[in-house]
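S.K.: What follows is a structure written as structure tokens; I'll ask about it next.
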Amino acid sequence: MVQQSRLSVVGFSVGLFGLTGLVWGWPWLKATLFPFALLGFCVPIGSMGEAVTFPLRQIATQITALVCHLALGINVIQNGTQLLDPGGAYQYEVAAACSGIRSLTAIIAFALIYGYLNFNVVWRRLAILASAFPLAVVANVFRLCLIVLAAEAFGQKAGDYVHHSSWLSLAPYVPSLGGVLALGWWLREDRKGGSPPPPIALERAEQKS
């Protein structure tokens, strides 16, 4: 009854990390620090996430309304974190579960692993990690736009189907993860070396040597 789940998860991870270091020594601790640090994503957020989820809800709702008005030509009314049809055909509340905190967590984890494995320079890793935040908003806006499009075309039930579909819930990860990969391609460290010399130059260099 008095157990704190966050402390339990942190204590288990740190304790396991320390025990493995006790057996295999300091080189092991240094080599496995990053994988063990990823266990931090197992720590439950709970009510601590409200400081993040509410601004995410507001930002996603505002951007979705703008995209619907300017790009899609759909007259959607925004009321706080609600998206309403003027004729009352559908209405959606961007609740805490739909704030994008789950996609934000997944994208941060992906960006963290991708940056760590593909870059050695710290600022490149930080750039990849920082991109996760706007890309998570893009992913949530993309999902909300899909719901509004379905509801606008086929009614509230179609929008509800898009909202609850397990397959369509994966669609927002396409632009977000694609954005991380595109940024990684642009920041890749071998771009500084320029294009390799032509084959003829290589053959001449081999003949001289």
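Read the figures in this text as sums done on the coordinates, not as results from a lab. This structure is a prediction, so every number in the text was calculated from the model and none was measured. Methodologically, a virtual Cβ is constructed for each residue, glycine included, from the backbone with ideal geometry; neighbour enumeration extends over all protein chains shown.
S.K.: Against the longest principal axis of the chain, how steep is helix 199-208, in degrees 0 to 90 to the nearest 10, with axes from Cα atoms?
M.R.: With both axes taken from Cα atoms, the answer is about 10 degrees.
S.K.: Can you divide the C-alpha Rg of segment 1-67 by 2.2 N^0.38 Å and report the result to two decimal places?
M.R.: So segment 1-67 has a normalised radius of gyration of 1.69.
S.K.: Between Asn79 and Gln58, what is the label-to-label distance in nm when each label sits 7 Å out along the Cα-to-Cβ direction?
M.R.: 1.9
S.K.: Can I ask one more? Report relative contact order for the chain in percent, whole number only (criteria: Cα-Cα under 8 Å, sequence separation at least 6).
M.R.: Numbers: 192 pairs, mean separation 32.1, N = 209.
Rounded, it is 15 percent for the chain.
S.K.: Show that you can apply the helix-only estimate: for the chain, add -39,500 (n - 2.57) for every DSSP H stretch of four or more residues, divide by all residues, and state [θ] at 222 nm to the nearest 500.
M.R.: Rounded to the nearest 500, the figure is -21000 deg cm²/dmol.
S.K.: Now, a different point. For the residue pair Val122 and Leu170, what label-to-label distance in nm results when each label sits 7 Å from Cα along the Cα-to-beta-carbon direction?
M.R.: Going from the Val122 label point to the Leu170 one covers 3.8 nm.
S.K.: Name the long-range amide H neighbours of Tyr90: under 5 Å, sequence gap of 5 or more, or other chain; modelled H, no Pro or chain starts.
M.R.: Amide H neighbours of Tyr90: Asp85.
S.K.: Moving to a separate point now. In sequence order, what are the phi-derived ³J(HN,Hα) couplings for segment 74-89 according to the Karplus relation 6.51 cos²θ - 1.76 cosθ + 1.60 with θ = phi - 60°, rounded to whole Hz, with x for glycine and proline?
M.R.: Once rounded to whole Hz, the list reads 9, 7, 9, 9, 9, 10, x, 9, 10, 10, 10, 8, x, x, x, 6.
S.K.: Count the net charge of all other residues whose Cβ sits under 15 Å from the Cβ of Ser103, scoring Lys and Arg as +1 and Asp and Glu as -1.
M.R.: Summing Lys and Arg as +1 and Asp and Glu as -1 gives +3.
S.K.: A follow-up question, please. Grab the beta carbon distance between Ala71 and Ile45, set R0 = 41 Å, and tell me the FRET efficiency rounded to 0.05.
M.R.: 0.80
S.K.: Using the Karplus curve 6.51 cos²θ - 1.76 cosθ + 1.60 with θ = phi - 60°, what ³J(HN,Hα) values do you get for each residue of segment 166-183, in whole Hz, with x for Gly and Pro?
M.R.: 6, 6, 6, 5, 7, 4, x, 6, 5, x, 6, 5, x, x, 5, 5, 5, 5
S.K.: If you don't mind, another one. Please give me the summed charge of the neighbours of Leu135: other residues whose Cβ is under 15 Å from its Cβ, Lys and Arg +1, Asp and Glu -1.
M.R.: +2
S.K.: Relative to the present Cα-Cα distance, how much length would full extension add between Lys157 and Ala130 at 0.36 nm per residue of separation?
M.R.: Stretched fully, the Lys157-Ala130 segment lengthens by 6.1 nm.
S.K.: Follow-up. On alpha carbon coordinates alone, what is the Rg over Rh value for the chain, Rh being the Kirkwood radius?
M.R.: 1.14
S.K.: Still on this structure, please answer the following. Return the inverse of the average 1/r over all pairs of distinct C-alpha atoms in segment 39-128, which is the Kirkwood hydrodynamic radius, in Å to one decimal.
M.R.: 15.4
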